[in-house]
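Structure first, then comments.
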Amino acid sequence: MTIDSYAPAASDLVGLYQDLHAHPELSFQEIRTAGIVAGHLRTLGYETTTGVGRTGVVGIMRNGEGPAALLRADMDGLPVAEQTGLAYASEARGVDSDGHEVPVMHACGHDMHVSCLIGACRALAENRHTWSGTLMVVFQPAEEIWAGARAMVDDGLFERFGRPDIVLGQHVVPFPAGLLALHPGIATAAADNVKITMFGKGGHGGLPETSIDPVVMAAATVMRLQTVVSREVAGVDTAVVTVGVMRAGTKANIIPDQAELLLSVRTVDDGVRTRVLDAITRIARAEAAASGATEDPQVQLMERFPAVHNDEAASARTRAAFTALLGEGKVIDPGLIPVSEDVGLLPTASGAPCVFWLLGGADPTAFAAATSAGDLGNIARGLPVNHSPLYAPVIEPTLSVGIAALVTAAQTWLPPTT
Ligand SMILES: [Zn+2]
Ligand SMILES: [Zn+2]
């Protein structure tokens, strides 16, 4: 099939995409989304199971002899207040796992992933002569809290539905729409979430000399943590240390007795990971000592997930199919991207190779001046990025290309028996 042949299928799905965008749901609360997904799968003739790993949905279509290919999309939104100004912008609110009411937005484009996979499910169901084998489609909950893939695996995903021969998936990013990006080898970084609790001594805001101020301790720690990557990691290595949460206190005139920092740490090499985590612990302890704390801070490793490893041979085969579909120059190698994705658990748990690519979703006119991959990266950095309240992909050609990429990748692994 050529890329143009996907446009009619995609145009039907614009309404679905806009509806999903307007009704995002938080991690493990994807009830409405899962219901819509299951409805489509059943209509299309997939054996459909809901409630896999809490809110996940699995669809199976058997189409004769051949291997099994797993296509995966994630479904959850984020606690972000949308500011895109789009006609179909979200005004949704939800309650997070701590019981706080929060705004909810599809700020990471998972609504696009769901729409593309439903489009691919339809194209593959309607064109069974173009493939042979078993299609296993996985709509995963809770990617944003790195728990959904784990929940589905722990709920017997591969024991109940079989082991695939390949795991395929995609993520929309602010590269030009119309483009696919695929990096063989380690494609995304490993991620660790770290929680630091610092203990001071509470007191009156007017009498700081009677207290040990954990706010200052935490603030100094945040600044000093900036030196981990810049001073302790070699220029040729990859590492990111981000403090995403800093929490302390209730009132301007009370010095609280503790402060909490939540960090996101991205690394590729295990040795670098150990060095970075050791440095974080050392700095937290030293700053506490510098403040005169009488108790060491607690440094806890929270969630962790491995890097996504794109199988070299499988990537080359998929890339060739993408190039045949879109043309030379429309499939780029973006290099390693230091974001993380829990899709990596699916190949790890099933033993199948993985190919995970990036789907361009930014208005291509923004990139008109780009003449090289470096230009492309620089322009992309100036655009709203995933998780921003301003992030939203352009619907077309993102949707058509996303559907076509999934169908093409599946067909590459499930060739028709002649
Ligand atoms: Zn995300
Ligand atoms: Zn995402």
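Looking across segment 358-394 at every residue that is of a type in the set (D, E, K, R) and without any contact (Cβ under 8 Å) to a residue 60 or more places away in the chain, the one that is nearest to residue 338 (Cα to Cα) is identified as 381. Is there a residue in segment 91-110 that is within 18 Å of residue 51 (Cα to Cα) and away from ligand 1 (no atom under 13 Å from the Cβ)? No - not one qualifying residue is present in segment 91-110.
Restricting segment 285-326 to residues that are closer than 19 Å to residue 274 by Cβ and assigned to a helix (DSSP H, G or I), which is most open to solvent (accessible area, probe 1.4 Å)? It comes out as 285.
In a residue-by-residue description of segment 289-302, the property of being more than 16 Å from ligand 1 (Cβ to nearest atom), at pLDDT 95 or above, among the β-branched types (Val, Ile, Thr) and assigned by TED's automatic domain parsing to the domain that holds residue 400 applies to no position.
For segment 20-39, a tally of residues being without any contact (Cβ under 8 Å) to a residue 12 or more places away in the chain and either closer than 21 Å to residue 395 by Cβ or basic (Lys, Arg) (or both) returns 1. Every residue in segment 327-349 that is under 14 Å from the mean Cα position of the chain (by Cα), in a loop (DSSP other than H, G, I, E, B) and either modelled with pLDDT of 95 or more or not polar (S, T, N, Q) (or both), please. Those that are under 14 Å from the mean Cα position of the chain (by Cα), in a loop (DSSP other than H, G, I, E, B) and either modelled with pLDDT of 95 or more or not polar (S, T, N, Q) (or both): 338, 339, 341.
Quick one: which strands (runs of 3 or more DSSP E) lie wholly within segment 143-248 and hold at least 2 residues that are in contact with a Phe, Trp or Tyr (Cβ under 7 Å, 6 or more places away or on another chain) and away from ligand 1 (no atom under 16 Å from the Cβ)?
Output list reads 166-176.
Name the residues in segment 91-115 that are within 13 Å of ligand 2 (Cβ to nearest atom) and in a helix (DSSP H, G or I), would you? Answer for segment 91-115, where residues must be within 13 Å of ligand 2 (Cβ to nearest atom) and in a helix (DSSP H, G or I): 110, 111, 112, 113, 114. When segment 126-142 is filtered for residues that are surrounded by 21 or more Cβ atoms within 10 Å (Cβ to Cβ) and assigned to a loop (DSSP other than H, G, I, E, B), the ones remaining, listed by number, are 131, 141, 142.
The values are calculated or read from the model by the stated rules, or taken from the named source; none is laboratory data. Keep in mind it's a predicted model, so treat the numbers as computed, not measured. With ideal geometry, Cβ positions are generated from the backbone for all residues, glycine too; neighbour counts draw on all protein chains shown. Side chains are part of the model used for accessible areas, which takes the heavy atoms of the whole protein and leaves out ligands, DNA and RNA. Shrake-Rupley method; radii C 1.70, N 1.55, O 1.52, S 1.80 Å.
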